[in-house]
Ligand code: GLN
């Protein structure tokens, strides 16, 4: 399937077919041996998975879609990748993304662009656009992505697939190339809620190698989905519609129609629906675009031409640590990475720190308090995943136009809470995503509600 369609889709940066086939044979053997022993092999044993090229894979090139890491072969696996290998899910290859996961369209990859399988002239979302496109085009049944400000949920929304950003700290960040460490959350992507749950159960576990890993990661998501599907009953569930994200300027009318139709389905299943205001969400986007670049500027400082990947010597003049670093970073980072590094170092600099970074951290606390208050009244909160459907390549060339579209997904990252996007229908022939949010560690609620809506 990959050789048939990926020339047009461009979901993958690297495919190792021989290795994937060898893994599949090993999985078959493990299944047979497991059966012979009377044991039950893992349900996903032998089911192939596509992995965003932000996860370190031992022996397989990992680039973060950046020239600065071109050709880098990690000597170790990310913990989430180790989990895939232990459950014997063959890894098909590494998927395209916006450079270092910075963007919402996968147009900011240093290597190529990925097309939306629904319309090849449109973006697949981002930054996990390669993973979403691989799943939507039937190149892979499952994929891993990462979500720092919406990068799992938004590409899932615009490709008609399911994506989950788990509770921060419940899927290990170890071996996932860092963008903004206090926000980065790896998670599962698939075509159905159950498939997403099955993959969530493989990768969601405590990891002593990640200092922010929680020791009580929620388990058993697939069992929740199966139980919810059997009953299809949401009686007693309190659903809160976030009033700040319930349409208005910038939202497609077709997206809002699809959103309200999904709300009616929740009510029909017995849930009560109430509108709830989270007043500080109006400032969440601004806070994110200060905190995120601050962390980016710190995390990307390690690409200095000495330790990893690219090394460029200056065209003229002395070759010193400083000139090599400047030449390497100048040649190795794309425009979006440079923009965020400059913004981040500015907001962290003496004299501006309190005004920008300090204020943004205060807003983050206020957003967290808004959510805490909302959970007194609702079990889950809902909104459209993205204000619009997939746009045409080049349509959002102005960075601010792209950033603004993150307004619906960013609050969950600031609060560390789990979120799911699942398809709610079409608008103008393009998929629309429905977003469900839940309190920290209550990822099970996303799956319960998602299973009934699907
Ligand atoms: N689109 C957002 C950004 O550009 C989110 C990216 C992400 O979640 N990795 O920062």
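The values are calculated or read from the model by the stated rules, or taken from the named source; none is laboratory data. Remember, it's a predicted structure, so these values are computed and weren't measured experimentally. A quick note on method: Cβ atoms are made from the backbone with ideal geometry, for glycine too, and the neighbour counts reach across all protein chains shown.
When each of 179, 189 is tested for being under 17 Å from the mean Cα position of the chain (by Cα), in contact (Cβ under 8 Å) with a residue 24 or more places away in the chain and either in a loop (DSSP other than H, G, I, E, B) or on the phi > 0 side of the Ramachandran plot (or both), the lone residue that passes is 179. One residue is enough: does segment 122-142 have a residue meeting the conditions over 20 Å from residue 15 (Cβ atoms), surrounded by fewer than 24 Cβ atoms within 10 Å (Cβ to Cβ), away from the ligand (no atom under 16 Å from the Cβ) and in contact (Cβ under 8 Å) with a residue 60 or more places away in the chain? Among the residues of segment 122-142, at least one is over 20 Å from residue 15 (Cβ atoms), surrounded by fewer than 24 Cβ atoms within 10 Å (Cβ to Cβ), away from the ligand (no atom under 16 Å from the Cβ) and in contact (Cβ under 8 Å) with a residue 60 or more places away in the chain, which makes the answer yes. Hey, any hits in segment 211-228 for a residue that's within 16 Å of the ligand (Cβ to nearest atom) and either modelled with pLDDT of 95 or more or crowded, with 21+ Cβ neighbours inside 10 Å (or both)? For segment 211-228, residues within 16 Å of the ligand (Cβ to nearest atom) and either modelled with pLDDT of 95 or more or crowded, with 21+ Cβ neighbours inside 10 Å (or both): absent. Out of 373, 401, 412, one residue alone is assigned to a helix (DSSP H, G or I), within 14 Å of the ligand (Cβ to nearest atom) and out of contact with any helix residue (DSSP H, G or I) (no Cβ under 9 Å at 6 or more places or on another chain). It is 401.
Quick one: in segment 239-252, which of the residues that are touching a residue at least 12 places away in the same chain (Cβ under 8 Å) and surrounded by fewer than 17 Cβ atoms within 10 Å (Cβ to Cβ) is farthest from residue 428 (Cα to Cα)? Across segment 239-252, the extreme among qualifying residues is 243.
With more than 16 Å from the ligand (Cβ to nearest atom) and without any contact (Cβ under 8 Å) to a residue 24 or more places away in the chain as the only criterion, which of 73, 81, 61 stands out? Exactly one of 73, 81, 61 is more than 16 Å from the ligand (Cβ to nearest atom) and without any contact (Cβ under 8 Å) to a residue 24 or more places away in the chain, namely 73.
Candidates are the residues of segment 318-334 that are without any contact (Cβ under 8 Å) to a residue 24 or more places away in the chain and exposed (fewer than 14 other Cβ atoms within 10 Å of the Cβ); the one that is farthest from the ligand (Cβ to nearest atom) is 318. Screening residue 188 against (1) buried (at least 24 other Cβ atoms within 10 Å of the Cβ); (2) within 13 Å of the ligand (Cβ to nearest atom) leaves a single unmet condition, (2).
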